[in-house]
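For reference, the structure discussed in these notes is given below.
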Amino acid sequence: MLSIVVLTKNEEERIKACLESVKWADEIIVADNGSSDKTLEICRKYTDKIIINKSPDFDLRRNEAIEKTSGDWVLYIDADERVLESLKKEIQEIIGSSEFSALAISRINVIFGKKVAYGPYKNDWVIRLLKKSEFKNWVGKVHEYPTFNGKLGYTKSSLLHLTHRDLDHFILKSLEWSKIDAKLRQDVHHPKMSGWRFLRIFITETWNQGVIRGGFFAGSVGIIDSLLQVFSMLMSYIRLWEMQQKPQLKEVYENLDQKLIKDGFNFK
């Protein structure tokens, strides 16, 4: 028996095709992070097994979801991923008889409407198919990964990953990511941010994304993606800088408004 776990949050434009690609499974569990659009309305057409968990920690959400599954095997997919027919057939063979406890699945990535296979998108493997009896737990608030007993295998077929659909999608996703990333850096007492640190991060990440990962040599989409990845990284550090401010910016503006009211809106 195969259970599917789908993580969602405000995915009304993407979730239908995702669920269509896995409706052949024995069970679908939706782990929602507090959607405010029509995501859950669409999901209920495919399953009544919906978990609401508003924690920002991906490992907690994935661990909670697998506890609710009934299958011997569990496949995790995201709302912007699709299980292709070839992968479906391979999974059905795997769960029938397998020497492995977990399977890594490669992803075919489509960003800004174009299939890409450079740098980080060339060998994009994710461990998503797990034998429940050998599973331990998911680890990591972000960039989470599963731990398990036994051997890891690799599928021949791939997931289709339809990511970075447009600028709005990328920016909104980066905004959410930056909140989590900045908090993690603050929790480990990251050095205080300063002008020179921002400059160093900008130069280093531009070199990493554009040259080391090859984005600047992968046409317009590669250049666009590389520059946006740099921007996303900078947003995380800007949020960290905000968190490090004493007093907090919110307090600064509240005090400023109070002083303006007191001084008859004279500002110096």
Share (percent) of C-alpha pair distances in the chain greater than 27 Å works out to 48
Taking 7 Å along the Cα-to-C-beta vector as the label spot, tell me the Tyr154-Lys68 distance in nanometres, rounded to one decimal.
3.4
Compute the acute angle (0 to 90°) between the alpha-carbon long axis of helix 85-96 and the principal axis of greatest extent of the alpha-carbon atoms of the chain; round to the nearest 10°.
60
Given Cα pairs under 8 Å that are at least 6 residues apart, what percent is the relative contact order of the chain?
16
Counting only pairs 8 or more places apart or on different chains, how many lysine pairs in the stretch 1-104 have C-alpha atoms closer than 20 Å?
21
Percent relative contact order of the stretch 196-268, based on C-alpha pairs within less than 8 angstrom and at least six residues apart?
21
Under the 0.36 nm per residue contour assumption, what length would be gained going from the current alpha-carbon distance of Gln245 and Phe265 to full extension?
4.6 nm
Quick check for you: which residues of the stretch 120-146 have the amide N under 17 Å from the point 7 Å beyond the Cα of Lys183 toward its beta carbon?
139-144
Between Lys9 and Asn137, what's the calculated FRET efficiency when r is the beta-carbon distance and R0 is 25 Å? Round to 0.05.
0.70
What 222 nm value per residue comes from the helices of the chain, counting each DSSP H run with n ≥ 4 as -39,500 (n - 2.57) and dividing by all residues, nearest 500 deg cm²/dmol?
-12500 deg cm²/dmol
When the scattering of the stretch 124-188 is computed by the Debye formula from its Cα atoms alone, each counted once and equally, what is log10 I(q)/I(0) at q = 0.17, 0.21, 0.26 Å⁻¹?
-0.87, -1.02, -1.11
Can you divide the C-alpha Rg of the stretch 53-172 by 2.2 N^0.38 Å and report the result to two decimal places?
1.11
What value does the stretch 1-127 have for Rg/Rh, both radii from Cα atoms and Rh as Kirkwood defines it?
0.96
Taking the stretch 24-84, how much of its Cα-Cα pair set, in percent, is spaced more than 18 angstrom apart?
35
As a test of the definition: which semi-axes, in Å, follow for the stretch 180-268 when you take the square root of five times each eigenvalue of its alpha carbon gyration tensor? Largest first, please.
37, 16, 10
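No value in this document is a laboratory result; all are computed from the given coordinates. Since the model is a prediction, treat every value here as computed from it, not as a measurement. No Cβ is skipped: glycine too gets one built from the backbone with ideal geometry, and neighbour counts run over all protein chains shown.
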